[in-house]
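**Student:** Pasting a structure here, questions to come.
The values are calculated or read from the model by the stated rules, or taken from the named source; none is laboratory data. All values reported here derive from a predicted model rather than from experimental measurement. We place every Cβ from the backbone using ideal geometry, glycine too, and count neighbours over all the protein chains shown.
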Amino acid sequence: MAEQLSDVQTILATDCGSTTTKAILIERKDGEYRLICRGEAPTTVEAPAEDVTRGVLNAVGEIEDLTNRRFISDEKVIRPREGENGCDAYIGTSSAGGGLQMMVAGAVKKMTAESAERAALGAGSIVMDALATDDGRPSHEQIERIRGMRPDMILLSGGTDGGTKKHPVEMAQIISAADPKPRFGVGYKLPVIYAGNQDATGEVRDILGDKAALYVTENLRPTLESENLKPARDKIHDLFLEHVMAQAPGYNKLMGWTSVPLMPTPGAVGLIMQLIAQREKIQVVGVDIGGATTDVFSVFRGDKEDPGSETVFNRTVSANLGMSYSIFNVVAEAGFENVVRWVPLDVDERDIRNRIRNKMIRPTTIPQTIEELMVEQAISREALRLAFIQHKQMAVGLKGVQQQRTIADAFEQDLAGQTLVDMMGLNMIVGSGGVLSHSPRRVQSALMMLDGFYPEGFTELTVDSIFMMPQLGVLSTVNEQAALEVFNKDCLIRLGFCVAPRGTGRDGQPCMKVVVKTSGASDTHDLKVGDLKLVPLETGQSAEVTVTPAKGFDIGAGNGQSVTRQVTGGTVGLMLDARGRPFTLPTERAARVAKLTQWNDALGIYPE
């Protein structure tokens, strides 16, 4: 448990990213915590600096210039505060140096290996590969894979407590034969966490004791019916600080400055997402679409039918989907046809191909024209869509669990292992990353999330204003009040609610009737299939919205049944989406461009 920092006035927080180090200053003003200013500078883990603290000092130096106060003395952060200078607490997160890269191993690919992957992803790591005794690869290939990948650590699981010891012992032998070396720290042993059948601990220790730094924690799959991921996640975090961060250039010095231990950036984002879901009693999906990877986070109830069931947190990393260095992978995985279908330009497709090629050649450039922006935002839709598909495949119930079946389930092939993602029950989507947080118009961010996630029912769309969720995540471990106040008042920008019924129909047939009642007026909107409409509703303004779907459409209460909900406005307003779920676009180019143009005009996506 981190030390509580309850009685502090000034908090300095930094996030060392792979390319940029961000610093924010939070202070208590008039009884509440607020963001004062921010600074940023290039991250310095490579030559010539090779000292991560240089980037931190440069980013904090920008805050000094903006506030005309001193936060640095003798090449380090001033803590505790000295009058107007320095801070009461300094906290930090990091994904510099490629972040935390892990391999996981389990007995059965669809059971313990997936549980191990969920544990590693939830701790903020990138999972390079998941090995299992039944993954179809011979032992020598698995050994070569471990040697070639050079992970920061390995999580070994397998078997339920009291069950067979054969599989975890076999995987331990494969790891031993590979004799893996860590990415950082010559002469150090690679950390291996064993979180499998506790009866096999002695044999695993005998096999790996001389080849790796072995750490034993509780079984992450003690029975078929249960997962216990927290002990493994906590151990991953501890070893990340001890074995990975400590070997990166300058991190030992940086860890000596902070009030609480550093945390992996994605793990910190996961913490703030879970806190918001818990405090507001909502189900949440968050996405961070970066230059090289796209992270998706979700908090959903474990049982869709039981509103009181415990929530389950999941995180996935799409390590090959991003908007700069990985932009080619997005186009390759989605297919050019799926990317170009979002571009509302009636031009030769060779022109669009050339624009995409220019972005591949110069991945760090930003759009300079409306046409370039259209192409970039088209690619972002596919990155979001593909990353969310991968997330839904990972965010599932426990596989291998016996369930009672009825005749109604006779044609259900996989009851156990169904996705926990419930789009009709989803309350909020939080978007972050450059393409969403820094789009020229907030309504563009809203439409990208609509087209990437296809929310159903009533869903609030939001974006992280300047990507400070990592710092607020680590802050939440020591001062929840400060983290929540800054998150709600300075970090989260509420775009507005989307209302979208589930169901499909012919273009132009009735879809839903929407009555919007505010304190001053009542308006009725009749939407046909294929319509997208924006109703003005300002930030903080409340409205009572009654939706009556047409036959064949469902807004959450069943086919054709009305639903009334209270919603609040945002910087975009109330979005009424009658385009159908599942969503489809016309296949013929002229009709598709006409539809895209109609939707863009309805929302005011691009300036005249």
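**Student:** Which condition number in (1) charged (D, E, K, R); (2) touching a helix residue (DSSP H, G or I) at 6+ places or on another chain (Cβ under 7 Å); (3) within 30 Å of residue 277 (Cα to Cα) is the one that residue 355 fails?
**Tutor:** So the condition that residue 355 fails would be (3).
**Student:** Between a first residue in the stretch 204-231 that is of a type in the set (Lys, Arg) and a second residue that is in a strand (DSSP E or B), which pairs have beta carbons less than 7 Å apart while being 6 or more apart in sequence or on different chains?
**Tutor:** Within 7 Å, the pairs are 205/214.
**Student:** Which condition breaks for residue 470 when tested against (1) surrounded by fewer than 16 Cβ atoms within 10 Å (Cβ to Cβ); (2) in contact with a strand residue (DSSP E or B) (Cβ under 9 Å, 6 or more places away or on another chain)?
**Tutor:** Residue 470 satisfies every listed condition except (1).
**Student:** Go through the residues of the stretch 152-166 one by one and say whether even a single one is of a type in the set (S, T, N, Q), buried (at least 19 other Cβ atoms within 10 Å of the Cβ), out of contact with any helix residue (DSSP H, G or I) (no Cβ under 6 Å at 6 or more places or on another chain) and at pLDDT 85 or above.
**Tutor:** Kept after step one, since they are of a type in the set (S, T, N, Q), are these residues of the stretch 152-166: 157, 160, 164.
Still in the running and buried (at least 19 other Cβ atoms within 10 Å of the Cβ): 157, 160.
Retained after the next criterion (residues that are out of contact with any helix residue (DSSP H, G or I) (no Cβ under 6 Å at 6 or more places or on another chain)): 160.
Then drop every residue that is not at pLDDT 85 or above, which leaves 160.
Yes, the stretch 152-166 has at least one match.
**Student:** Could you please let me know if residue 192 is modelled with pLDDT of 85 or more and either surrounded by 16 or more Cβ atoms within 10 Å (Cβ to Cβ) or under 22 Å from residue 127 (Cα atoms) (or both)? Reasoning before the result, please.
**Tutor:** Numbers: modelled with pLDDT of 85 or more: yes; either surrounded by 16 or more Cβ atoms within 10 Å (Cβ to Cβ) or under 22 Å from residue 127 (Cα atoms) (or both): yes.
The answer is yes for residue 192.
**Student:** Right, here's the next one. Checking residue 524 against (1) assigned to a loop (DSSP other than H, G, I, E, B); (2) more than 32 Å from the chain's Cα centre (by Cα), which test does it fail?
**Tutor:** Status for residue 524: all satisfied but (1).
**Student:** In this structure, is residue 236 within 28 Å of residue 314 (Cβ to Cβ) and part of a helix (DSSP H, G or I)?
**Tutor:** Yes: the conditions hold for residue 236.
**Student:** Going through the stretch 536-562 one residue at a time, which ones are part of a strand (DSSP E or B) and closer than 12 Å to residue 500 by Cα?
**Tutor:** 547, 548, 549, 554
**Student:** For residue 53, indicate whether it is outside any strand (DSSP E or B), crowded, with 20+ Cβ neighbours inside 10 Å and at pLDDT below 85. Working first, answer last.
**Tutor:** Numbers: outside any strand (DSSP E or B): yes; crowded, with 20+ Cβ neighbours inside 10 Å: yes; at pLDDT below 85: no.
The answer is no for residue 53.
**Student:** Moving on to the next point. Collect the residues in the stretch 58-74 that are more than 15 Å from residue 27 (Cβ to Cβ) and surrounded by 21 or more Cβ atoms within 10 Å (Cβ to Cβ), keeping them in residue-number order.
**Tutor:** Listed by number, the list holds a single entry, 59.
**Student:** So which pairs qualify, if the first residue must be in the stretch 135-162 and under 19 Å from residue 221 (Cβ atoms), the second must be among the β-branched types (Val, Ile, Thr) and surrounded by fewer than 16 Cβ atoms within 10 Å (Cβ to Cβ), the Cβ gap must be under 6 Å, and the two must be at least 6 apart or on different chains?
**Tutor:** 160/223
**Student:** May I pose another question? Kindly provide the set of residues from the stretch 550-608 that are surrounded by fewer than 20 Cβ atoms within 10 Å (Cβ to Cβ) and among the acidic types (Asp, Glu), ordered by number.
**Tutor:** Across the stretch 550-608, the qualifying residues are 554, 588, 601, 608.
**Student:** Across the stretch 519-545, what is the number of residues that are buried (at least 16 other Cβ atoms within 10 Å of the Cβ) and either more than 19 Å from residue 457 (Cα to Cα) or of a type outside the set (Lys, Arg) (or both)? Don't jump to the end; show me each part of the working.
**Tutor:** Quick first cut of the stretch 519-545, residues buried (at least 16 other Cβ atoms within 10 Å of the Cβ) only: 525, 527, 529-535, 537, 541, 543, 545.
If we keep only those that are either more than 19 Å from residue 457 (Cα to Cα) or of a type outside the set (Lys, Arg) (or both) too, we end up with 525, 527, 529-532, 534-535, 537, 541, 543, 545.
Total meeting the criteria: 12.
Table: residues versus (1) within 30 Å of residue 10 (Cβ to Cβ); (2) in contact with a Gly (Cβ under 8 Å, 6 or more places away or on another chain).
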{"position": "473", "(1), (2)": "yes, yes"}
{"position": "479", "(1), (2)": "yes, no"}
{"position": "485", "(1), (2)": "yes, no"}
{"position": "513", "(1), (2)": "no, no"}
{"position": "525", "(1), (2)": "no, no"}
{"position": "545", "(1), (2)": "no, no"}
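**Student:** I need the full set of residues from the stretch 564-594 which are of a type in the set (D, E, K, R) and closer than 29 Å to residue 517 by Cα, in order please. Before you say what the answer is, go through the steps one by one.
**Tutor:** Let us first name the residues in the stretch 564-594 that are of a type in the set (D, E, K, R), namely 565, 577, 579, 581, 588-589, 592.
Listed by number, the residues that qualify are 565, 577, 579, 581.
**Student:** Here is a further query. So which of 61, 31 ends up being without any contact (Cβ under 8 Å) to a residue 40 or more places away in the chain and closer than 21 Å to residue 262 by Cα?
**Tutor:** Numbers: 31 fails: closer than 21 Å to residue 262 by Cα.
Exactly one residue qualifies, and that residue is 61.
**Student:** Tell me, please, whether a residue that is in the same structural domain as residue 492 (by TED's automatic domain parsing) and in contact with a helix residue (DSSP H, G or I) (Cβ under 7 Å, 6 or more places away or on another chain) can be found in the stretch 533-551.
**Tutor:** The initial filter retains those residues of the stretch 533-551 that are in the same structural domain as residue 492 (by TED's automatic domain parsing), namely 533-551.
Narrowing the set further to residues that are in contact with a helix residue (DSSP H, G or I) (Cβ under 7 Å, 6 or more places away or on another chain) leaves 533-534.
Taking every residue of the stretch 533-551 in turn, at least one turns out to be in the same structural domain as residue 492 (by TED's automatic domain parsing) and in contact with a helix residue (DSSP H, G or I) (Cβ under 7 Å, 6 or more places away or on another chain).
**Student:** For the structure I just gave you, tell me whether residue 28 is among the basic types (Lys, Arg), surrounded by fewer than 16 Cβ atoms within 10 Å (Cβ to Cβ) and assigned to a strand (DSSP E or B). First the steps, then the outcome.
**Tutor:** Values: among the basic types (Lys, Arg): yes; surrounded by fewer than 16 Cβ atoms within 10 Å (Cβ to Cβ): no; assigned to a strand (DSSP E or B): yes.
It is false that residue 28 is among the basic types (Lys, Arg), surrounded by fewer than 16 Cβ atoms within 10 Å (Cβ to Cβ) and assigned to a strand (DSSP E or B).
**Student:** Only residues that are outside any strand (DSSP E or B) and either surrounded by 19 or more Cβ atoms within 10 Å (Cβ to Cβ) or of a type in the set (Phe, Trp, Tyr) (or both): list them for the stretch 31-50, please.
**Tutor:** Here is the first cut: in the stretch 31-50, the ones outside any strand (DSSP E or B) are 31, 43-50.
Within the stretch 31-50, 43, 44, 45 meet the criteria.
**Student:** For the structure I just gave you, tell me whether residue 477 is in the same structural domain as residue 564 (by TED's automatic domain parsing), among the polar types (S, T, N, Q), within 20 Å of the chain's Cα centre (by Cα) and surrounded by 24 or more Cβ atoms within 10 Å (Cβ to Cβ).
**Tutor:** Values: in the same structural domain as residue 564 (by TED's automatic domain parsing): yes; among the polar types (S, T, N, Q): yes; within 20 Å of the chain's Cα centre (by Cα): yes; surrounded by 24 or more Cβ atoms within 10 Å (Cβ to Cβ): no.
Judged against the criteria, residue 477 is not a match.
**Student:** Out of curiosity, is residue 81 in contact with a strand residue (DSSP E or B) (Cβ under 8 Å, 6 or more places away or on another chain) and touching a residue at least 12 places away in the same chain (Cβ under 8 Å)?
**Tutor:** Working: in contact with a strand residue (DSSP E or B) (Cβ under 8 Å, 6 or more places away or on another chain): yes; touching a residue at least 12 places away in the same chain (Cβ under 8 Å): yes.
Answer is yes for this residue.
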